[in-house]
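Encoded as structure tokens, the structure appears first; notes follow it.
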Amino acid sequence: MNVFDQTYPFTTPQLTFDVDALEPYIDAQTMEIHHDKHHAGYVTKLNAALESHTKLHTKTLGELLSNLEKLPANIQKDIDNNGGGHANHSLFWNILSPIKTPASDDLIETMTESFGSFEAMQELLIETATKHFGSGWAWIVINQKGSLEITTTPNQDSPLTIGHTPILGIDVWEHAYYLHYQNRRPDYIKAILQIINWKNVSDLYAETITTR
């Protein structure tokens, strides 16, 4: 199930690979802490924020994040931070793989139209992620016009909060890479691009444009 279709109570998804499967690009200790501590923490806090708001239990995560301003004021920030944290990390794990997979012809064609070439897209993504100030995420999204766009969001903000649908996200919080890469964020971004599951990214792209 797409994470945006999930409803309360939310759960931390199991990884589809062993914690050491992405080495040498991401070390096992980082993966274990990132998934079992950071991501799980967002899920716990998200459920706690929603527990007493029973009318929201049938709302999907996508609906919650897309309509933050309609939620009770006292939980808007909790849903933004922790709902975004859950959604962002769930997508992140889904688009990583120890096995190289190719992007679909449709996605490559659209990326070429949007960025000049698949290689140019990667260069722009590295540059954008590297230049993002502080904690946050770098994204490839389908924007409100239906076009591909490379952008960033601060903290755990989901692109859904500004009307964009993410198909690829890279965590640039220091907890995602500091044990192995220290302050070398560009090296981390380049490493992530070596383990992207382009089949899953392609599937997300196809699913999104089909349902628009």
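Each reported figure results from applying straightforward, stated rules to the coordinates on display, with no laboratory input. Because the structure is predicted, anything quoted here is derived from the model rather than measured. Note that we place each Cβ from the backbone using ideal geometry, even for glycine, and neighbour counts take in every protein chain shown.
In this label model, Ile33 and Thr16 are separated by 2.7 nm, measuring between points 7 Å along each Cα→Cβ vector. Computed 3J(HN,Hα) for the range 39-49, one whole-Hz value per residue from the Karplus formula 6.51 cos²θ - 1.76 cosθ + 1.60 where θ = phi - 60°, is 5, 4, x, 5, 5, 4, 6, 5, 5, 5, 5, glycine and proline marked x. Beyond 19 Å, what share of the Cα-Cα pairs of the range 27-94 remains, rounded to the nearest whole percent? It works out to 32 percent of all Cα pairs.
The value of relative contact order for the range 1-71, using C-alpha pairs under 8 Å at least six residues apart, is 50 percent.
Looking at the chain alone, DSSP beta bridges between its own residues are antiparallel in about 95 percent of cases. Distance between the 7 Å Cα→Cβ label points at Asp106 and Asn2: 1.3 nm. List the residues of the range 146-185 whose backbone N lies under 20 Å from a point placed 7 Å from the Cα of Glu113 along the Cα-to-Cβ direction. What the label zone holds, given the 20 Å backbone N cut-off, is 146-151, 164-168. Our coupling estimate for the range 165-172, obtained by passing each phi through the Karplus curve with A = 6.51, B = -1.76, C = 1.60 and θ = phi - 60°, is 10, x, 10, 8, x, 10, 6, 10 Hz, Gly and Pro reported as x.
So, by mean Cβ neighbours within 10 angstrom, what's the order for 80-92, 11-23 with the highest one leading? Don't skip to the answer; put the middle values down first.
Working: 80-92: 23.9, 11-23: 14.9.
Top of the packing list down: 80-92, 11-23.
The distance between label points at Asp187 and Gln144 comes to 4.1 nm (points 7 Å beyond Cα on the Cα→Cβ vector). Each of Gly85, Gln29, Leu71 was scored by the projection of its Cα onto the charge dipole of the range 27-94, and the greatest displacement toward the positive side belongs to Leu71; charges sit on the C-beta of Lys, Arg, Asp and Glu. From largest to smallest, the equivalent ellipsoid semi-axes obtained for the chain from the alpha-carbon gyration tensor read 26, 21, 16 Å.
A simple count of charges around His132, restricted to other residues whose Cβ falls under 13 Å of its Cβ and scoring Lys, Arg +1 and Asp, Glu -1, yields -2.
Pairs to check: Lys37/Lys70; Lys70/Lys145; Lys37/Lys77; Lys37/Lys145; Lys45/Lys70; Lys45/Lys100. Give those whose C-alpha atoms are more than 26 Å from each other in this structure. Show your work: numbers first, answer last.
Details: Lys37/Lys70 30 Å; Lys70/Lys145 24 Å; Lys37/Lys77 20 Å; Lys37/Lys145 37 Å; Lys45/Lys70 20 Å; Lys45/Lys100 34 Å.
Exceeds cut-off: Lys37/Lys70; Lys37/Lys145; Lys45/Lys100.
For the chain, the relative contact order comes to 25 percent (Cα pairs under 8 Å, sequence separation of at least 6).
Counting charges near Asp5 (Lys, Arg +1; Asp, Glu -1) among other residues having Cβ under 12 Å from its Cβ returns a value of -1.
Rounding to the nearest 20 debye, state how big the charge dipole of the chain is about its Cα centre with +1 on each Lys and Arg Cβ and -1 on each Asp and Glu Cβ. Can you show the working numbers first?
Numbers: 14 positive and 26 negative charges, 110 e Å.
The calculated dipole for the chain is roughly 520 debye.
With θ taken as phi - 60° and the Karplus curve 6.51 cos²θ - 1.76 cosθ + 1.60 applied, the whole-hertz 3J(HN,Hα) list for the range 113-126 is 5, 7, 10, x, 5, 4, 5, 5, 4, 4, 4, 5, 5, 4 Hz, x standing for glycine and proline.
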